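Colleague: Below you'll find the structure I mean.
Just so it is clear, none of the values below were taken in a lab; they were calculated from the coordinates. Keep in mind it's a predicted model, so treat the numbers as computed, not measured. Because the Cβ atoms are built from the backbone with ideal geometry, glycine has one as well, and the counts that use them run over all protein chains shown.
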Amino acid sequence: MPCRKKKRGSKGAGGRAKAELDEEAIAILKALASLKEPAGCSKIAEIAGLPARKVTGKLRGLLNRGLVSRPSRGVYVITDEGRKAVS
């Protein structure tokens, strides 16, 4: 019998537990929380102490989960949901 994908719950971005975030995602969210203005991947990576390529990939997932937003191309900010996740 072929493998089936597990169905995800219908909680949405706000209902996901903090425990589901790995250390890298938490570092990225904390870096964004420390900034007063939108920042690009390189700046976020520098503050989080992670490689820029890793940050780029993780930001996509955080964006899909509603924990960060992209006010304009190439820059990101933390959302209220993202702040809650790391508080």
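Colleague: Set the Förster radius R0 to 22 Å, insert the Cβ-Cβ distance between residue 80 and residue 34 as r into 1/(1 + (r/R0)^6), and round the FRET efficiency to 0.05.
Modeller: The formula returns an efficiency of 0.90 here.
Colleague: Moving on to the next point. Cβ under 14 Å from residue 38's Cβ, residue 38 left aside: what net charge do those residues give with Lys, Arg +1 and Asp, Glu -1?
Modeller: Overall, the nearby charge balance is +3.
Colleague: Taking the radius of gyration and the Kirkwood hydrodynamic radius from Cα positions alone, what is the Rg/Rh ratio for the range 37-87, to two decimal places?
Modeller: 0.93
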